[in-house]
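Below: the structure, in structure tokens.
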There are 2 protein chains.
Amino acid sequence: MSNAVNAKETASARGEGMDAALDALMKVVGPDLVRVNETIMARMTSSVGLIPQLAGYIIAAGGKRLRPLLTLAAARLCGYDGDRHPKLAACVEFIHTATLLHDDVVDESMLRRGRDSANAVWGNKASVLVGDFLFARSFELMVEDGALKIMGILSNATSVIAEGEVLQLVTANDTSTTEDAYMAVIRAKTAQLFAAACQVGAVVAERPEVEEQALFDYGMNLGIAFQLVDDYLDYSAKQQELGKTVGDDFMDGKITLPVILAYARGTDEEKAFLRRCLEDQDMPDYEADLAHAMELMKRYDTLSETVVRARAFGDKARAALAPFPDSEAKSALLGIVDFCIDRVY
Amino acid sequence: MSNAVNAKETASARGEGMDAALDALMKVVGPDLVRVNETIMARMTSSVGLIPQLAGYIIAAGGKRLRPLLTLAAARLCGYDGDRHPKLAACVEFIHTATLLHDDVVDESMLRRGRDSANAVWGNKASVLVGDFLFARSFELMVEDGALKIMGILSNATSVIAEGEVLQLVTANDTSTTEDAYMAVIRAKTAQLFAAACQVGAVVAERPEVEEQALFDYGMNLGIAFQLVDDYLDYSAKQQELGKTVGDDFMDGKITLPVILAYARGTDEEKAFLRRCLEDQDMPDYEADLAHAMELMKRYDTLSETVVRARAFGDKARAALAPFPDSEAKSALLGIVDFCIDRVY
């Protein structure tokens with residue numbers, strides 16, 4: 001597949017109503033994204049054929065390239081006119097892809113972006129090892145780039161992601177999980193890489209600390225909003241359009257905000273029901289149990305409240321960009337906020 | 001546990017007859033090793049309690065600390081008198097520990113160093129994620145150290161290890177695996193980190209290229225010898241003394257040198273037998289099949305030949321140190337070669 005086509009597909013394979021945001025983004029970073037894709041293709045190669053085969057399967061699977069796009073747009077926002085940012089954006093995407101591969105092993109997911117997950121096709125073993133390869137390759141690329149500060153940001157993000165995933169594992173099946181614990185999980189497992197991806201854009205442009213911090217904050221709040229929307233979508237009919245199954249989190253006993261709020265607001269009887277499903281994983285009639293759980297979420301407005309909170313974090317992300325004067329890049333980054341939240345429609 | 005005690009245990013918990021080599025080594029790097037263990041304990045911490053718990057379980061499990069010892073001794077051999085080498089040695093051990101955690105997931109091993117493996121205790125998910133954490137933490141430590149060249153060496157070693165593990169996966173259950181393919185696997189999955197660990201000692205001491213290369217070659221040949229001995233030991237009665245099961249590789253269908261040679265030398269009937277066991281994994285009477293396979297290895301002398309080849313690589317490792325004048329550190333590194341090979345007794 002040609003990378004130009006690939007970049008175009010990335011731009012077009014989205015839902016309706018978000019085209020404007022994406023067009024604005026592509027206008028700013030389109031050619032850079034082509035270079036990111038070229039770097040990804042060139043650097044996931046290995047003499048061991050299974051590695052590019054498996055890595056290519058997941059990387060080409062129609063991912064949104066959201067995180068590398070953030071690095072590209074942030075660099076442009078900071079007026080960067082060098083050529084290091086596509087390689088750094090590729091590092092970010094390699095880290096993200098590695099975590100996806102390991103996530104699917106951890107979740108025992110059989111689907112990813114609407115097709116068989118890599119571990120469903122090649123098995124857990126290969127997914128673990130190719131994930132390791134991509135982590136390592138990402139650091140090799142950073143070493144080539146040579147900026148210690150960026151290596152520090154991205155290696156720290158990688159360890160924070162792992163901490164967040166372990167924390168998620170620890171809170172799974174535990175209906176007493178607090179909102180704070182949930183927020184700690186999504187900050188670490190999702191938002192930290194968004195924040196790091198944006199911060200890297202400021203660092204590569206050698207911008208002052210205040211702009212770095214502003215882009216970090218933008219990414220952090222955007223990432224939180226993104227994950228809240230994801231956790232909402234898991235219980236939404238929209239999920240099926242995205243090629244995913246409704247209620248995967250419920251089946252896995254993942255304790256996300258819609259569930260935490262429903263548990264907090266439910267009667268003793270409803271709490272007992274949620275404990276049976278999520279803690280004991282005792283669901284003799286899974287479809288009926290999922291339907292009842294979703295009824296509770298509707299009754300207590302927990303799904304819409306999850307979206308409301310996502311919007312609030314989206315507002316914080318927008319506000320974080322205040323230090324920057326208006327520009328096409330700024331419009332593009334503001335548009336990404338809409339794009340992430342409008343996935344609910 | 002105090003780190004001083006821990007270092008002492010590391011020195012004493014070995015088989016018989018190797019005490020002299022280890023005493024020599026400890027004389028050279030004993031205090032440095034205490035600092036490595038302190039760094040490991042201090043830097044595997046996390047606010048997520050399961051991480052130090054699981055990482056500590058595997059790190060404290062009586063590992064030989066062989067790879068960090070190589071970094072320490074190589075630095076001393078190069079006359080290094082600074083204080084960076086214990087932290088770099090800890091990086092090497094973190095990378096090794098991460099690969100062990102992922103290996104056990106990949107192999108579905110229930111035992112590691114004679115006790116339950118981490119994945120047997122905490123599950124595959126936690127093992128994958130804590131392995132990721134340790135990889136990331138290792139790079140964070142390297143960034144703190146600040147030497148780009150060392151980051152390049154260790155990130156490259158990490159991706160080569162992953163390639164070797166994938167190659168091993170691809171050759172598993174394939175009795176047509178060549179000796180060359182087998183050698184490529186063990187160079188990548190085992191020897192590359194030995195080589196990198198040694199090379200780092202020369203780099204931190206800012207020694208010329210020829211000494212760097214000499215230490216790399218020493219480590220590479222030592223690592224090959226080490227893995228050959230490991231693959232021999234899998235079929236040796238000695239294995240049980242080490243708290244491992246005889247024939248694990250056979251059960252997993254791993255194609256190691258003792259099997260490759262037996263297959264090459266066997267009759268058609270014997271080849272068919274090995275294919276049934278290793279390719280088809282069709283072993284209705286496993287104990288009898290393993291016994292018959294070991295009979296073939298004895299008949300064709302493949303186990304002793306594996307040791308002979310290990311010795312030859314051990315000789316190459318020793319020869320690689322020729323550029324260095326005699327010193328306590330050199331004696332210690334020569335002693336490690338004996339230690340690695342004498343594990344067969």
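The values are calculated or read from the model by the stated rules, or taken from the named source; none is laboratory data. Everything numeric here is computed off the predicted structure, so don't read it as measured data. Positions of Cβ are backbone-derived with ideal geometry, glycine not excepted, and every protein chain shown enters the neighbour counts.
Summed over the stretch B:160-173, the residues that are buried (at least 23 other Cβ atoms within 10 Å of the Cβ) and at the interface with chain A (Cβ under 7 Å from one of its Cβ atoms) give a count of 5.
Within the stretch B:236-258, the set of residues being of a type in the set (Ser, Thr, Tyr), surrounded by 18 or more Cβ atoms within 10 Å (Cβ to Cβ) and at pLDDT below 95 comprises just one member, B:SER236. The one condition from (1) among the aliphatic types (A, V, I, L, M); (2) outside any helix (DSSP H, G or I); (3) within 19 Å of B:GLN192 (Cα to Cα) that B:VAL48 does not meet is (3). Condition first: under 24 Å from the mean Cα position of the chain (by Cα), touching a residue at least 40 places away in the same chain (Cβ under 8 Å) and closer than 26 Å to A:ALA184 by Cβ. Can you find one or more residues in the stretch A:261-272 that meet it? The answer is yes, given that some residue of the stretch A:261-272 is under 24 Å from the mean Cα position of the chain (by Cα), touching a residue at least 40 places away in the same chain (Cβ under 8 Å) and closer than 26 Å to A:ALA184 by Cβ. Residues in the stretch B:43-53: is at least one surrounded by fewer than 22 Cβ atoms within 10 Å (Cβ to Cβ), away from chain A (no Cβ under 14 Å) and either in contact with a helix residue (DSSP H, G or I) (Cβ under 8 Å, 6 or more places away or on another chain) or at pLDDT below 80 (or both)? Checked the stretch B:43-53: no residue is surrounded by fewer than 22 Cβ atoms within 10 Å (Cβ to Cβ), away from chain A (no Cβ under 14 Å) and either in contact with a helix residue (DSSP H, G or I) (Cβ under 8 Å, 6 or more places away or on another chain) or at pLDDT below 80 (or both).
Within the stretch B:55-99, the only residue that satisfies the criterion of being at pLDDT 95 or above, of a type in the set (A, V, I, L, M, F, W, C) and in a loop (DSSP other than H, G, I, E, B) is B:CYS78.
In the stretch B:52-67, the condition of being under 17 Å from B:GLN199 (Cβ atoms) and within 19 Å of the chain's Cα centre (by Cα) is met by at least one residue. As for the stretch B:120-131, it holds at least one residue that is polar (S, T, N, Q) and at the interface with chain A (Cβ under 8 Å from one of its Cβ atoms).
The residues of the stretch A:310-325 that are assigned to a loop (DSSP other than H, G, I, E, B) and surrounded by fewer than 17 Cβ atoms within 10 Å (Cβ to Cβ), listed by number, are A:ALA322, A:PRO323, A:PRO325. The combined condition, being closer than 17 Å to B:THR177 by Cα, within 27 Å of the chain's Cα centre (by Cα) and surrounded by fewer than 17 Cβ atoms within 10 Å (Cβ to Cβ), is not fulfilled by B:GLU328. Out of A:LEU290, A:LEU261, one residue alone is in a helix (DSSP H, G or I), surrounded by 16 or more Cβ atoms within 10 Å (Cβ to Cβ) and touching an Asp or Glu at 6+ places or on another chain (Cβ under 7 Å). It is A:LEU261. Every test in (1) touching a Lys or Arg at 6+ places or on another chain (Cβ under 8 Å); (2) away from every other protein chain (no Cβ under 12 Å); (3) of a type outside the set (D, E, K, R) is passed by A:VAL105 save one, and that test is (2).
Within the stretch A:56-78, the set of residues being free of Cβ contacts under 8 Å to residues at least 24 places away in the same chain and within 24 Å of A:ASP217 (Cα to Cα) is empty.
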